[in-house]
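Undergrad: Take a look at the following structure, please.
The values are calculated or read from the model by the stated rules, or taken from the named source; none is laboratory data. Model, not experiment: these values are computed from the prediction. Because the Cβ atoms are built from the backbone with ideal geometry, glycine has one as well, and the counts that use them run over all protein chains shown.
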Amino acid sequence: MEGNNTRTTKKAISTETFVFLAVIALIFGGIASKMGVAFMFKTMMATAHDLLLNTVFFIMAMAVVAGALSALLSEFGVIALVNKLFAPLMKPLWNLPGASITGAVATYLSDNPAIIPFAKDKRFVVYFKKYQVPALCNLGTAFGMGLIVTMFMSTQGTGFWKAALIGNVGAIVGSIISVRLMLRQTRKFYGAEADEWFDKESTKEDYFMNHREIREGNMFQRVLDTLLEGGKVGVELGLAIIPGVLIVCTMVMMLTFGAPDNGVYTGAAYEGVKLLPWLGDKLSFVLNPLYGFTSAEAVAFPITSLGAVGGAMSLVPSFLEKGLIGGNDIAVFTAMGMCWSGYLSTHIGMMDALGVRQLSSKAIVSHTIGGLAAGVVAHYLYMFLG
């Protein structure tokens, strides 16, 4: 996306240079003072290596399977059927046209930016009023990587299908809140033009909801091409999450876990300084009633989801192995991970692609509230249904 590649100029050395150095010195100096410089870097490399081998490739494998499945569902009209069934819910719940369910389904089966091509399609935006189009960013992000997150969560440990499905319901509620809050902001932004149709010149035919593109060839050829192309998209998605998982999650892991049982650092993977659990413990009076986390360490998941849900997912196996989370946590993780799905790293670029970058802060605030609400809903649903 263009927004992510924009460059400008600045003085070679400025105030931010020294602020940046101070922050880096504070973070790494604090960790090194507790672990030792050598062990800090050794643990950093060991953790990143283990995440690459045991988490990234697993997520990539799931992305390939999910990508192939989603492409197959699209090719043979199953997604079109879903559109028909659920389109009537969009207006009363999200205050968006029925066609918008297509974008939500697309992002659920792939990732946040998948909704942008729809927003650029005249056959799609013909159904939207001006103030509704920017809210597509929040709608798409709330369902980003939904299928992969759900499959991953439900297959952990002894299986958490019920918790993962409850998490999906929480994410849906979070998406409604996020979109509704964003629509209030976009209506103010457009003012008198808010209720004008986005594309005045287009004729409002029901084309988009009643037609779908298919590949050429007989059914066998279409199935084979669809599976291979869908799997290829999964590989690309798996490669795309590597920086987020290795960089963000390594740091989060080191801020989450502590020294070995004997208290002596060895430089092994997943050692750290336990800063986030300390913060989680201090905030437990707020977090426990809202989310019911099993342990203070669980707060690391939603924090990581802000930047990379793939990185957040990689925390789950270690948490389960150490007995730090249970079914309720899986439900909350699924809701917040799916609803947020790394929105801090994609929202600005997506809003830029929609041509309303000036509304990025409004979209981020709205989506932050939606994600927090998603976790609360998932927690209380799990209490009643789990």
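Undergrad: Yes or no: residue 297 of a type in the set (D, E, K, R) and closer than 18 Å to residue 55 by Cα?
TA: Details: of a type in the set (D, E, K, R): yes; closer than 18 Å to residue 55 by Cα: no.
Criteria not met by residue 297.
Undergrad: When you scan the stretch 33-52, how many residues do you find that are in contact with a Ser or Thr (Cβ under 9 Å, 6 or more places away or on another chain) and under 12 Å from residue 272 (Cβ atoms)?
TA: Total meeting the criteria: 5.
Undergrad: If you scan the stretch 131-168, which residues turn out to be surrounded by fewer than 24 Cβ atoms within 10 Å (Cβ to Cβ), among the aromatic types (Phe, Trp, Tyr) and closer than 27 Å to residue 181 by Cα?
TA: Hit for the stretch 131-168 is 131, nothing else.
Undergrad: Here's another thing I want to ask about it. Just to verify a result, which residue in the stretch 109-155, among those that are among the aromatic types (Phe, Trp, Tyr) and at pLDDT below 90, is nearest to the chain's Cα centre (by Cα)? Full working, then the answer.
TA: We begin by selecting, within the stretch 109-155, every residue among the aromatic types (Phe, Trp, Tyr); these are 118, 124, 127-128, 131, 143, 152.
Right, trim to at pLDDT below 90 and you get 118, 124, 127-128.
Values: 118: 19, 124: 24, 127: 27, 128: 25 Å.
Once the filter is applied, the top-ranked residue is 118.
Undergrad: Further, regarding this structure: Across the stretch 260-274, which residue is farthest from residue 307 (Cα to Cα) among those that are touching a residue at least 24 places away in the same chain (Cβ under 8 Å) and among the hydrophobic types (A, V, I, L, M, F, W, C)? It would help to see each step written out before you state the result.
TA: Going through the stretch 260-274, the residues touching a residue at least 24 places away in the same chain (Cβ under 8 Å) turn out to be 265-273.
Pick out the ones that are also among the hydrophobic types (A, V, I, L, M, F, W, C) and you get 268-269, 273.
Values: 268: 25, 269: 22, 273: 21 Å.
Once the filter is applied, the top-ranked residue is 268.
Undergrad: For the stretch 325-332, check the following and say yes or no: at least one residue is touching a Pro at 6+ places or on another chain (Cβ under 8 Å), surrounded by fewer than 24 Cβ atoms within 10 Å (Cβ to Cβ) and not in a helix (DSSP H, G or I).
TA: no
Undergrad: Something else: What are the residue pairs meeting all of these: first residue in the stretch 206-229, first residue of a type in the set (Phe, Trp, Tyr), second residue modelled with pLDDT of 70 or more and not in a helix (DSSP H, G or I), Cβ atoms under 9 Å, and 6 or more apart or on different chains?
TA: Partner pairs satisfying both residue conditions: 207/126; 208/99; 208/126; 208/127.
Undergrad: Under 7 Å by Cβ, and 6 or more places apart or on different chains, what pairs join a residue from the stretch 286-304 that is touching a residue at least 12 places away in the same chain (Cβ under 8 Å) and farther than 11 Å from residue 379 by Cβ with one that is in a helix (DSSP H, G or I) and of a type in the set (D, E, K, R)?
TA: Close Cβ pairs satisfying both conditions: 294/329; 296/281; 298/329.
Undergrad: Can you list residue pairs whose Cβ atoms sit under 6 Å apart, with the first residue in the stretch 368-386 being over 17 Å from residue 176 (Cα atoms) and the second being among the β-branched types (Val, Ile, Thr)? Count only pairs 6 or more apart in sequence or on different chains.
TA: 379/332; 382/166
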